[in-house]
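For reference, the structure discussed in these notes is given below.
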Amino acid sequence: MGIVSNTSVDDEVLQELGAFEEARRFIDEHGAGLIDSIALRSEAMAKKFSERPAVFFEGQQLSWEELNTYANRFAHAMQECGVESGHVVALMMENRVEFLACFIAISKLGAICSLINTNLVGEGLGHSCSVSNVRWLVFGEELDNVVAGCRNMPDVRAVDFFRVDDLRKESCPDWATDLSERANKASCENPHCEPLAPRSLIFYIFTSGTTGLPKAVKITNRRYLGGAIAGWKMSLRSCETDRQYMALPLYHGVGI
């Protein structure tokens with residue numbers, strides 16, 4: 001059996017692999033002084049491509065500038081409530097624009113995001129909050145009943161709750177802070193972004209928990225950005241004018 005080789009394709013792949021290896025070596029050698037994060041990239045995109053679409057969702061369209069501004073408002077609102085660098089903030093929300101804005105906002109503050117599976121209830125949800133040392137939980141209106149059902153569990157009693165509007169069918173419960181209302185009144189300016197080293201922990205993802213309680217997996221800044229860049233450039237071979245359809249839940253490691 002012979003192997004047919006496409007020289008132009010092989011050369012292109014080799015060039016990409018060489019670039020990836022060069023980038024990896026650079027990070028290894030200069031990691032301690034390399035400053036980069038999803039927050040800084042969001043601000044850079046807002047500055048470079050301010051009017052270009054960043055996200056489409058169920059009839060909504062936000063430009064990069066609008067998405068970054070939305071994230072800024074959430075970041076300032078959280079900061080006013082005491083969220084600081086190094087704190088763990090859980091995010092439990094269905095796929096929507098606010099999920100992205102809150103995820104970026106948490107990164108802007110240098111906090112660690114714990115991505116919670118929206119299918120979790122009871123013991124599994126409480127365990128996920130406990131094992132990742134969650135201080136705040138940001139949840140969507142669509143999960144009011146789920147969060148209400150676990151908020152008095154021993155693993156969750158020390159957690160404070162931020163609630164984000166969805167369809168605004170129900171008012172914010174009295175045991176949660178209305179983060180949407182606070183964000184509407186907050187500054188739209190970029191907050192001070194905490195510098196993150198490549199080995200800084202930026203979020204947790206969890207195993208499915210099908211054979212027991214969910215297990216937390218630590219994702220570092222380098223692992224996240226490196227994987228995203230490699231997937232974008234090498235696996236998908238995307239360019240800045242492409243659009244990617246996301247069918248996975250954003251709490252999934254590949255989704256976010």
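The values are calculated or read from the model by the stated rules, or taken from the named source; none is laboratory data. Note that the structure is predicted; figures quoted are calculated from it, not measured. Cβ coordinates were reconstructed from backbone atoms using ideal geometry, including for glycine residues, and neighbour counts include every protein chain displayed.
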Residues (of a type outside the set (S, T, Y) and in contact (Cβ under 8 Å) with a residue 40 or more places away in the chain) located in the stretch 132-145: N133, V134, R135, W136, L137, V138, F139, G140, E142, L143
With a cut-off of at least 3 residues that are in contact (Cβ under 8 Å) with a residue 40 or more places away in the chain, touching a strand residue (DSSP E or B) at 6+ places or on another chain (Cβ under 6 Å) and surrounded by 23 or more Cβ atoms within 10 Å (Cβ to Cβ), name the strands (runs of 3 or more DSSP E) lying wholly within the stretch 40-131. 88-92, 112-115
Within the stretch 132-170, how many residues turn out to be among the hydrophobic types (A, V, I, L, M, F, W, C), surrounded by fewer than 17 Cβ atoms within 10 Å (Cβ to Cβ) and either at pLDDT 90 or above or over 23 Å from N184 (Cα atoms) (or both)? 3
If P53 meets every condition in (1) modelled with pLDDT under 95; (2) within 25 Å of N221 (Cβ to Cβ); (3) not basic (K, R) apart from one, which number is that one? (2)
